[in-house]
Each structure stands twice: as structure tokens, then as C-alpha cells.
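Everything below concerns the one structure shown next.
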Amino acid sequence: MLKQFLNLKLSQKLSPQQIQLMKLIQLPTQAFEQRLLEEMNENPALEAGKEDEYEADEFANEEYDDYDDAESDRIEADDINIDEYLSDDDTPDYKTQVNNYGEDEERETPFASPISFHQDLINQLNTFILNDQEREIAEFLVGSIDDMGYIRRSVPDIVDDMAFTQGIYTDEAMVEKMLHVIHELEPSGVGARDLQECLLLQLKHKTPTEYVDLAIDIIENQFDAFTKKHYDKLLQKYSVSNEQLKKAIHEIERLNPKPGGSFTGNNKVTENVVPDFAIRIVDGELELTLNGRNAPSLHVSKDYQEMMQTYKDSRDKSSAQKDAVQFIKQKLDSAKWFIDAIRQRQETLFVTMNAIMHYQEEYFLDGDETKLKPMILKDIADMVGLDISTISRVANSKYVETPYGTKLIKEFFSEAMKNDQGEDVSTLEIKKILKNTIEEEDKHKPLPDDQLAEILKEKGYPIARRTIAKYREQLDIPVARMRKKI
């Protein structure tokens, strides 16, 4: 039996230009600048700076469809000098070094890239007297060290790997011998197989003292008790005073659990946060500004527009000319669209952050995080008349400089919960109070989650113990046992 169904489906398809605009909106300041440079390199019809004595939109509404005409009046391309339609300088000014800087702008000299973490270790190996086999094994071990400074493989696995992949045949005793060489390298602790060995290596490189010796014994023989902070057990085991144990633990706490991570020559790149907005308080009122680097001065190339006008005024049009003008038109259209997209990006960023600023006005006026109101993406989307996904793109990747520090915008968004008065309060407010409560606790007797729940309930926030645990983990605060101090 055949059945007919009518299925109506409503769908919205974004144009390629809309997708590109969304991508531009999502970019933070530094990434946007890089995208701008890429576009200018790809499109010579797009130029930086303000246009003098020339109206950028003079030809904006002109239609250049003559190149689609029939070629009844065609002349040979050899009779036309295409150079007349090109700029005198094939390399646009913005690509030359002189024009990359203002007159008073300081020019930075390129500097050599520092050596890598692993290359530094290889260089240190060169100070040891080793035979060819020992050096091969030692260099293989250096290559097995991860970015945190650890060798997370067993000796038998290393022996097998060298045989199968490098054709280096050795035994576990030789590998252990070379590991001791690796353990002499800097930074201290590099080449350890686990945290316990890493801490021990660092302690053994220290000048011996009463407290360093005690710390070595604790890590070597009572590591489990130390990590679980069973201080009473350690006091009983070593028959020492609280002060002696405290000083030994202080020696351990000063060690680096990730010796490779602190190497200044490592290949990791630390991104500097550039605020996309700035909020100031002027005469008791909030003032918002958009980072000027998000609003570059751009214009369409005068040369390219003149080329198009020259072609338009020309009576005779060859096939080669028409190909050239098609290319010019495409570049002009692309430049005009990009300039308009940047303007739309500026407007979108500003109206979105302006709405957030006014929604959270109480917080921005005095910096008290407990005054942050519950706010979701839809709240701001409704205020500015934009899609929720657009608000998300702005919030997730942009920073704002405030009188209280530089903040990631998405941190101002939170769900609402009810207090004991039935009022909506922000989860950010609850987290702030939870954090303050933990900071004020007696570190000799830190508060477990059920007691924290009772305290917040007394403060007017009826929160379940499991919710306390979730917020504590989101705040990167360990459980009570791990917060204990001797």
C-alpha cells in the first residue's frame, strides 16, 4: 500500500560571505590583524590608510558588464598595451618595508629563535665523555623526554624500541647507566620516570641540610602518606616536631613538578592577551571603547578603480583586456566587501559589549563579583537583536579591560539559581562566596563539602553538597584533605 506524505522543512542557508563575516566576528584582536594582513597580501585592490582627495565609493554603483558584450568589434590583443591598465608599481606600497611603519613608529629588529628544550639537553650531553654507543643511547633517551621533562616509558620498552627502530642493541643495565647521565642534566629533575623520582632528583641536587635530608626520606619512603597529607602519620614515623616537619615539607613544595615546562627555550608559545575592549569609569559613568586595532583605515585602490574606468571609456575591447578587467572587477568587489565586513564586525562587537556592560552595570561600577547578575546569551541577543550564535562568537574569544583587571567576556555569563528569598542569583555570585568561605577556613581543619553546603545555606544559598563539589572543581579547588596544612 502506497502512502503519500507532505513534509515541510524550513531551513536557512548562509551565503559564503555571511560565513566569512561570522568568522571575522569570532576573531580576537591579534588574530583579526593577521587575517587583515593576509587579505591585503591576497588582494592588491585593498589598501591601508585613508584615501585623500578621492571618493572610495565613486564607482560603487557602476556596473561593468561590457566585457560580456559580443566581440564584433574585437581587436587583436597584441595591439593593446595591457600595462596601461596596471599600476606603475607592480608591488603595492603596503608590501614594502618603508610603508609598514609610521614616521615615528619604532621598528623592531628580527631576532633569532632560541634553541629548543631537547637541543639544549643534547648540547649539555656534549660536556660528558661518552663513547659512541653511550652517546647514541643518551641521545635516544633525550628524544624520549616529553615537554614536561619526563620519560614515561619503562627501561625494557626503551631497550626494545632502540633495537627495532634504531638498530641499537643494548641491555637494561646500559640504559640505566645512561639514565643516570641524563639525570645530571639541567633543569634538575629532567628525565624522571614519575613524580616521585622527579622530586627525589631535585632534592638530591640540593645542599644537604637537616630538612632536605628529612624531605628526601619522606619522598623516598613515605611518598603515599605525603601525597595524602597524612601529617600525623609522618610526625609519628619520624618523631619530629611540627616545625621540623613543616620546614621539610616547605623544601618539597619549592620543587618543580614539571622541570621541562619552565624551560625558557621551549617551543611553546605564550599568547599575550590583547583586550578587545576597554571600560572606564568617567564621572561616575561607564565608558566603553573598542580597541583601535579592530578599526583599521582601509580603502579601495585608486589605481584599480581608474583601470576599470579606463576600460569602461574604451571603445575597442580585446579579449585579453576583458580577461584583465574581469580580474580587476573581482578584486574590487572583494575589497569593497571586506571593508564593509570589517565595519559590520566593528558594529557587532561594540553593540554586543555595550549591552553586556549595561546589563552588568553594578559590577562594572565597583568590581564586586557578587553583584554580577544572572545573564545568558539570549538576554544579550534579545537586547541587540542579533542571533545567539553571534553573541557566543563575541563572548567566547574576546577580552575586556576593566578597572579590576582584564576579563574574558564569557566569564560574565552565568545561569540563575534561587536564594532562600526566592530571588534569582548568579551562579558566579555563589562561586565567589564559596571561594571566600574556603579561603577563610582553618587550613589545619579544612571544611568538607557537606559543611560548606551548610555554611552557604546559612548565608541564604540552599545548595546541595554535590553542587558544592561541582563548583569547587570548576574553581580548581581540591578536596578538604588536600587543602590541609600542617
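Things worth noting here:
- Residue in the range 409-421 that is in a loop (DSSP other than H, G, I, E, B), open to solvent by less than 50 Å² (accessible area, probe 1.4 Å) and either in contact (Cβ under 8 Å) with a residue 12 or more places away in the chain or more than 30 Å from His250 (Cα to Cα) (or both) present: yes
- Candidates Ile388, Ile380, Ile376, filtered to the one that is of a type outside the set (S, T, N, Q) and either open to solvent by less than 30 Å² (accessible area, probe 1.4 Å) or within 21 Å of Asn291 (Cα to Cα) (or both): Ile380
- So Thr402, is it within 19 Å of Leu290 (Cβ to Cβ), β-branched (Val, Ile, Thr), out of contact with any Ser or Thr (no Cβ under 8 Å at 6 or more places or on another chain) and open to solvent by less than 20 Å² (accessible area, probe 1.4 Å): yes
- Conditions (1) modelled with pLDDT of 90 or more; (2) over 30 Å from Ile19 (Cα atoms); number of the one not met by Lys312: (1)
- The residue that is surrounded by the most Cβ atoms within 10 Å (Cβ to Cβ), counting only those in the range 433-462 that are touching a residue at least 40 places away in the same chain (Cβ under 8 Å) and closer than 30 Å to Tyr231 by Cβ, is Leu434.
- Only one entry in Asp420, Asp387, Asp449, Asp442 is over 30 Å from Ala278 (Cβ atoms), acidic (Asp, Glu) and either modelled with pLDDT of 90 or more or touching a helix residue (DSSP H, G or I) at 6+ places or on another chain (Cβ under 7 Å) (or both), namely Asp449.
- Test: residue in the range 115-137 that is surrounded by fewer than 17 Cβ atoms within 10 Å (Cβ to Cβ), of a type in the set (D, E, K, R) and outside any helix (DSSP H, G or I): no
- Number of positions in the range 205-246 that are surrounded by 12 or more Cβ atoms within 10 Å (Cβ to Cβ), β-branched (Val, Ile, Thr) and in a loop (DSSP other than H, G, I, E, B): 2
The values are calculated or read from the model by the stated rules, or taken from the named source; none is laboratory data. Just so you know, these numbers come straight off a predicted model, no measurement behind them. All Cβ positions, glycine included, derive from the backbone under ideal geometry; neighbour counts span all protein chains shown. These accessible areas exclude ligands, DNA and RNA; they are computed on the full protein's heavy atoms, side chains included. Shrake-Rupley method; radii C 1.70, N 1.55, O 1.52, S 1.80 Å.
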